[in-house]
Structures are given as C-alpha cells and as structure tokens.
C-alpha cells in the first residue's frame with residue numbers, strides 16, 4: 001500500500017513524517033543533553049547515546065548494541081572505547097560465552113543512565129499531558145511497533 005500526502009486532506013505538506021519525527025527527536029535530545037550537562041555529565045554527547053541508551057546493569061554485548069542502535073559494530077566499538085576511557089563503561093567476559101564480552105556501565109555510567117531515565121519520564125509525561133493518557137499510550141505503542149518493524153527489516 002502506498003501512502004500519499006493527498007490521502008490526508010488536512011495534512012500540511014510542511015510537516016511530513018520525517019519533519020515531525022525530527023522535530024520531536026530534536027526537542028527530546030535538546031532536553032536530555034541540556035540536563036545531563038547541567039548535572040555534570042559534560043564529557044559525553046549525542047554520539048555516546050547510541051551505546052548509553054541500550055546499556056543495562058548486567059551488561060550488553062557489543063553486537064547487540066550495534067543491532068539495537070542501528071550502528072556498525074566498528075562504530076560501536078569506538079564509542080565503547082571512548083566510554084571506557086571516560087569511566088562510563090567497561091568490558092567483561094560474558095559468563096554465558098567466555099569468547100564474548102559484555103559492555104557494563106560503571107557507577108558513573110549507572111548515574112548517567114538514572115539521570116537519562118528521569119529526563120525521559122518527564123518528557124513522556126509532558127507528551128501524555130498534550131495527547132491525554134490513552135492517546136499517548138496508543139502513540140507510544142504505534143511508535144514502538146514501527147521502530148520494531150524497522151529493526152527487523
């Protein structure tokens with residue numbers, strides 16, 4: 001099925017899907033990085049977000065970070081090297097496969113993750129206030145479905 005802007009008579013051609021997604025993402029990233037900087041995380045930036053967004057306390061394989069972020073493994077490896085040097089993460093053997101390494105957040109990395117989660121919660125609450133809780137939940141579920149379909153293709 002092909003969707004055309006003319007299929008939506010009330011649609012403003014200046015606000016196609018790409019523009020809308022970019023605008024919302026810019027607002028989110030601006031708020032996230034402004035807050036992180038204000039809280040003392042001045043040595044990281046959006047480039048590091050492709051790894052930090054997917055870190056878990058138990059660790060994540062670099063290959064999974066690459067898949068989840070949509071980045072090449074080499075790019076993820078470089079970012080993980082930077083995060084190690086900055087004290088946000090370290091590599092350790094994966095207990096389920098000693099040949100593999102897990103990328104694990106340090107205490108500073110966990111503090112950054114907690115701060116990011118706070119920012120995300122506030123941002124999402126504001127979006128829910130604009131749309132109303134039910135519409136926001138539908139929006140979030142639809143967005144998740146689209147993102148999942150994108151990862152799978």
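Among 55, 83, 102, 36, which is modelled with pLDDT of 95 or more, in contact with a helix residue (DSSP H, G or I) (Cβ under 7 Å, 6 or more places away or on another chain) and closer than 24 Å to residue 148 by Cβ?
Working: 83 fails: closer than 24 Å to residue 148 by Cβ; 102 fails: in contact with a helix residue (DSSP H, G or I) (Cβ under 7 Å, 6 or more places away or on another chain); 36 fails: closer than 24 Å to residue 148 by Cβ.
Only one candidate passes the filter, namely 55.
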Does residue 52 fit the bill of being out of contact with any strand residue (DSSP E or B) (no Cβ under 6 Å at 6 or more places or on another chain), buried (at least 16 other Cβ atoms within 10 Å of the Cβ) and over 20 Å from residue 33 (Cα atoms)? no
Reported set for the stretch 128-153 where residues are surrounded by fewer than 10 Cβ atoms within 10 Å (Cβ to Cβ) and not in a helix (DSSP H, G or I) is 153
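Inspect all residues belonging to the stretch 92-106 and state whether any of them is closer than 15 Å to residue 36 by Cβ and surrounded by 12 or more Cβ atoms within 10 Å (Cβ to Cβ).
Step one: of the stretch 92-106, the residues closer than 15 Å to residue 36 by Cβ are 105.
Restricting the remaining residues to those that are surrounded by 12 or more Cβ atoms within 10 Å (Cβ to Cβ) gives 105.
Yes, because at least one residue in the stretch 92-106 is closer than 15 Å to residue 36 by Cβ and surrounded by 12 or more Cβ atoms within 10 Å (Cβ to Cβ).
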List pairs: first residue in the stretch 9-37 and more than 15 Å from residue 122 (Cα to Cα), second residue at pLDDT below 85 and loosely packed, with under 13 Cβ neighbours inside 10 Å anywhere in the structure, Cβ distance under 7 angstrom, at least six positions apart or on different chains. 11/5; 13/5; 16/5
Of all the residues that make up the stretch 39-67, how many are under 14 Å from the mean Cα position of the chain (by Cα), closer than 18 Å to residue 96 by Cβ and part of a helix (DSSP H, G or I)? 3
Kindly list the number of the only condition in (1) over 21 Å from residue 55 (Cβ atoms); (2) touching a strand residue (DSSP E or B) at 6+ places or on another chain (Cβ under 6 Å) that fails for residue 134. (2)
Could you go through the stretch 105-127 and let me know if any residue there is touching a helix residue (DSSP H, G or I) at 6+ places or on another chain (Cβ under 9 Å), farther than 16 Å from residue 24 by Cβ, in a strand (DSSP E or B) and free of Cβ contacts under 8 Å to residues at least 40 places away in the same chain. no
Scope the stretch 69-101; condition in a strand (DSSP E or B), without any contact (Cβ under 8 Å) to a residue 24 or more places away in the chain and farther than 24 Å from residue 43 by Cβ; matching residues: 93, 97, 98, 99
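The values are calculated or read from the model by the stated rules, or taken from the named source; none is laboratory data. Just so you know, these numbers come straight off a predicted model, no measurement behind them. Backbone-built Cβ (ideal geometry, glycine too); neighbour counts: all protein chains shown.
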